[in-house]
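The block underneath contains the structure these notes are about, expressed in structure tokens.
The values are calculated or read from the model by the stated rules, or taken from the named source; none is laboratory data. What you are looking at is a predicted structure, and each value in this text was computed from that prediction instead of being measured. Here Cβ is always computed from backbone atoms with ideal geometry, including for glycine, and neighbour counts include all displayed protein chains. We work out accessible area using only protein heavy atoms, side chains counted, and drop any ligands, DNA or RNA first. Shrake-Rupley method; radii C 1.70, N 1.55, O 1.52, S 1.80 Å.
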Amino acid sequence: MNKHVEQYLNYFLGLPVSPNYAVMVTGQWGAGKTQLVRNVCEAFDGADLKVYYISLYGLSSTKQIDDLVFACLHPVLSNKKIKAGAKVLMSALKLTTSLNLDINAGGNKETTASASVPQIDLSAFISDDEKKSKSVFIFDDFERCLMAPKETLGYINYYVEHLGAKVLIISNPEKIEGDAAGAGDAFFKLKEKVIGQELHVIADFDSAFDTFVLELLSNDECKESVTTNKDNIKRIFNEAGYNNLRALRNSLLQFSRFYKVLPEKAKSHTQFIFELIGDFFPLSFEYLNGADLRLLEYRSLIGDNADFTKQFNKYENFEILKVVTHHSDLWKNLFIKGFLDNDLLKAYIESNHLFETDTTPDWIKLWNWRYLTSDSFLAILSSIQRKLDNKQIIEAGEILHIFGSQMLVVSLGFEFKSINQIYQEGKSYIDSIRKEITFNVFAEDYLGVRSYGGFGYPEDLKELQELFNYSKNLKKELTEESYPEQAAQFLTKLKENNTNGLYELFDYSGLFAKFPLFK
């Protein structure tokens, strides 16, 4: 894809004389500009060329650039451990004015520098025409230099015009324009003078992918799955539109970590891996390009943060709704905190429709409503209704899922009932099993509706929040009603020195966990 760039760089670096102009290699951040330039230069480096690499990232003065050039020219003398003897270098360098380096690292500059030209007499190192044509200076991250673009280019021009070396400048021009525009036409006029050829690098997914797999995953167990899904990952990469190969590399590394902790049934299920990649890589690409994944919550679909979800619409097979309502905490922990929660991962896998069996509870099948046909959806509702009629479902978390999933489907336009009707049915059912209802994973002090059994609720549905609060208040009432009986049990166990029984009452999930009983 970038053969034209390689071809021209080979020609430029192979010139037997000084070209008297610089080459600018441009492209978006992460497009692979630096790696491409270095790969080409490596073929020449050594006997044919001497290559000096300088990153301008964050530099704010020509003095700082001088320091890096000095370090390239004399890496041994620039070492901190022998700086005390570096004054010997002063006479060897043949300074035109003097060297603007804090040689002694004591805070006192030996000299003052001109603002626009190097203070090192580079002819001390490159004294003849042959050395000039064989010396290559690569100035990377041009757009990230804190100096004004005109000043930076003026400094670099010394290496081109006065020193006669070969100069490559690597930059993202889209990030230069704003600063350069403030300098008026001066920057662009100087650019026309200094830059003799501009080469644009396009992110080459295929070459980068193959290199990354070989570099990062050669001995990794996920290599086969990643390689099999290359076309899938490439489609997602192109849909992202960032052309950022660094993001691709980082995402592959992170995916490798995720893959390693998957159970074997997940690793061996090709469709699951395909769907996992469809969730993982859009989230990873957007996060690495600045998306605030803290907004992975239901309100972002309908509230002030709705624009957040629009950036995911470009992905053909990515459903932001599924991520937001089902497993947002898994992804937020992974990408934002770097923490892979095993319980959330287990729920993510177990909740996948691909692993459903005849023994999968109906409420989980209903939770996966997006994979159901209309007939299957109604059949599951009918099965659930029979269980409700027989008072067979008594766990509060399951009850909230049953009515919450129906509310969500209706809120998205499938109006087989009204949301209020579903709410009233849920409330009536809870009343009907008041004495039998259980709250296994339903802490009294739990704040907000999040999930049950690792399966997330559509938490911002007002009616579901009301149903949750209704259940929570019922739990409080039932707890208070049980105090006399529990107190009697407590006294009995206390008299019997029943430490195990007392522990059950006082541990973190027991009745008296936060109740000041002895007070």
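Numbers for the structure displayed
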quantity	calculated
Tabulated pairs, segment 188-205, first free of Cβ contacts under 8 Å to residues at least 24 places away in the same chain, second surrounded by 14 or more Cβ atoms within 10 Å (Cβ to Cβ), C-beta under 9 angstrom, 6+ apart or interchain	F188/A180
Filter result for the condition that a residue is out of contact with any Asp or Glu (no Cβ under 9 Å at 6 or more places or on another chain), of a type outside the set (F, W, Y) and at pLDDT below 85, over A208, A186, A165	A186
Residue satisfying all of: in segment 247-301; assigned to a helix (DSSP H, G or I) and of a type in the set (S, T, N, Q); most open to solvent (accessible area, probe 1.4 Å) among these	T270
Positions within segment 207-241 being crowded, with 20+ Cβ neighbours inside 10 Å and of a type in the set (S, T, Y), in sequence order	S225
Single match in E466, E444, E477, E436 (criterion: charged (D, E, K, R), assigned to a loop (DSSP other than H, G, I, E, B), open to solvent by 50 Å² or more (accessible area, probe 1.4 Å) and modelled with pLDDT of 85 or more)	E436
Qualifying residue in segment 25-43 (condition: part of a strand (DSSP E or B) and either of a type in the set (S, T, Y) or touching a Phe, Trp or Tyr at 6+ places or on another chain (Cβ under 8 Å) (or both))	yes
Sole residue being modelled with pLDDT of 85 or more, among the charged types (D, E, K, R) and not in a loop (DSSP other than H, G, I, E, B), chosen from E130, E151	E151
Sole residue being part of a helix (DSSP H, G or I), over 27 Å from D279 (Cα atoms) and either modelled with pLDDT of 95 or more or of a type in the set (A, V, I, L, M) (or both), chosen from L388, L354, L366	L388
Single residue of segment 8-50 satisfying the filter (of a type in the set (G, A, S) and within 21 Å of N289 (Cβ to Cβ)) that is surrounded by the most Cβ atoms within 10 Å (Cβ to Cβ)	G32
